[in-house]
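Notes follow once the structure below has been shown.
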Amino acid sequence: MTTLGAVFRPQLAPERLRAVVRSAEDAGLDELWLWEDCFREGGISTAAAALAWTERVRIGVGLLPVPLRNVAVTAMEAATLHRMFPGRAVLGVGHGVQDWMGQVGARVESPVTLLREHLVALRALLRGERLTVDGRYVTLDDVALDWPPEGEVEVLAGATGPRTLRLTGEVADGTVLTASTSPEGVRRARRLIEEGRAAAGREATAHTVVVYLLTATGPGADERLRAELIAEGVGSEPDLGVAGDAGAVAEAVHWLADAGADSVILQPTGNEPDPEGFVRFAAEEVARRVGAAVV
């Protein structure tokens with residue numbers, strides 16, 4: 001069954017989050033995802049607030065840029081959320097936008113190496129292991145969490161290129177794909193992820209694929225969608241995004257699910273006029289048509 005969610009975009013001021021989160025909870029949306037975009041809003045702080053304001057909805061963070069964080073800090077924050085809100089936090093990490101990483105002096109020579117080292121150490125720390133690591137970027141000396149999560153937790157990673165997609169299959173528990181991923185792109189990503197899983201002997205383990213779907217509905221939907229695709233430099237790419245009513249959006253969700261997406265997260269345009277209405281639209285209209293996991 002396809003899980004359906006929506007994004008609270010950081011173009012909205014932080015004080016808007018509570019109303020959107022409460023709308024998602026009240027409408028029965030399965031997942032609400034948050035972004036840590038420089039230089040807007042912090043992923044962990046917004047996730048903690050969203051989890052505290054709700055009882056049921058799962059809160060995803062996609063993504064935490066690994067160049068900005070020592071892996072021990074990532075592990076402590078992740079473990080804290082998982083212990084306080086069991087089963088409701090979904091955390092993803094990624095390279096970060098390289099221009100932004102350069103702006104803060106955190107850009108590295110090999111983002112793939114950093115992501116590998118961060119993922120391996122992060123997953124081990126969250127399993128309660130004690131680590132000594134002397135990597136190219138990750139260094140730990142006899143480090144273990146005093147309060148690791150109780151039970152297994154997923155660590156997802158964002159990916160676009162072939163090397164990173166194979167890496168997520170090899171060392172992550174799931175992969176987050178951007179809204180610039182068409183159904184055919186999801187199929188290609190799945191193949192590359194499976195190559196990584198096979199290389200690591202992880203074929204028997206579960207691997208969740210999360211895909212964002214740029215979505216516009218209501219007055220001016222076509223124009224808003226088109227403008228955002230052009231702004232993102234993918235205006236000429238086929239099969240990206242959807243504009244229209246719940247039926248049209250549900251059809252686009254089905255295309256991504258058929259291509260291999262386990263979870264489809266509706267991403268409103270940056271100028272969505274009614275964020276609260278958007279999450280209600282996702283939960284009450286789209287989810288019913290796709291048979292999504294909505295409580």
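Of everything in the range 76-97, what is outside any loop (DSSP other than H, G, I, E, B) and within 17 Å of the chain's Cα centre (by Cα)? Give them in sequence order.
The answer is 77, 78, 81, 82, 89, 90, 91, 92, 93, 94.
Quick one: residue 191 ticks every box in (1) of a type outside the set (S, T, N, Q); (2) part of a helix (DSSP H, G or I); (3) touching a helix residue (DSSP H, G or I) at 6+ places or on another chain (Cβ under 8 Å) bar one, so which box is it?
(3)
Identify all residues within the range 100-135 that are hydroxyl-bearing (Ser, Thr, Tyr) and not in a helix (DSSP H, G or I); write none if there are none.
Across the range 100-135, the qualifying residues are 110, 132.
Only one residue in 194, 237 is buried (at least 17 other Cβ atoms within 10 Å of the Cβ) and touching a residue at least 24 places away in the same chain (Cβ under 8 Å). Which one?
Exactly one residue qualifies, and that residue is 194.
Going through the range 87-98 one residue at a time, which ones are under 20 Å from residue 172 (Cα atoms) and either of a type outside the set (Lys, Arg) or surrounded by 21 or more Cβ atoms within 10 Å (Cβ to Cβ) (or both)?
87, 89, 90, 91, 92, 93, 94, 95, 96, 97, listed by residue number.
Just checking, does the range 108-128 include any residue being surrounded by 14 or more Cβ atoms within 10 Å (Cβ to Cβ), under 23 Å from the mean Cα position of the chain (by Cα) and hydroxyl-bearing (Ser, Thr, Tyr)?
For the range 108-128, residues surrounded by 14 or more Cβ atoms within 10 Å (Cβ to Cβ), under 23 Å from the mean Cα position of the chain (by Cα) and hydroxyl-bearing (Ser, Thr, Tyr): present.
When the residues of the range 59-71 are filtered to those that are within 14 Å of residue 8 (Cβ to Cβ) and in contact (Cβ under 8 Å) with a residue 40 or more places away in the chain, which remaining residue is nearest to the chain's Cα centre (by Cα)? Spell out how you get there, then give the answer.
Of the residues in the range 59-71, the ones within 14 Å of residue 8 (Cβ to Cβ) are 59-62.
From what is left, the residues that are in contact (Cβ under 8 Å) with a residue 40 or more places away in the chain are 60, 62.
On the way: 60: 6, 62: 3 Å.
Restricting to residues being within 14 Å of residue 8 (Cβ to Cβ) and in contact (Cβ under 8 Å) with a residue 40 or more places away in the chain, the top hit is 62.
Throughout, read-outs are computed from the coordinates displayed, never taken from laboratory work. Everything numeric here is computed off the predicted structure, so don't read it as measured data. Counting neighbours? That spans all protein chains shown, and the Cβs are built from the backbone with ideal geometry, glycine included.
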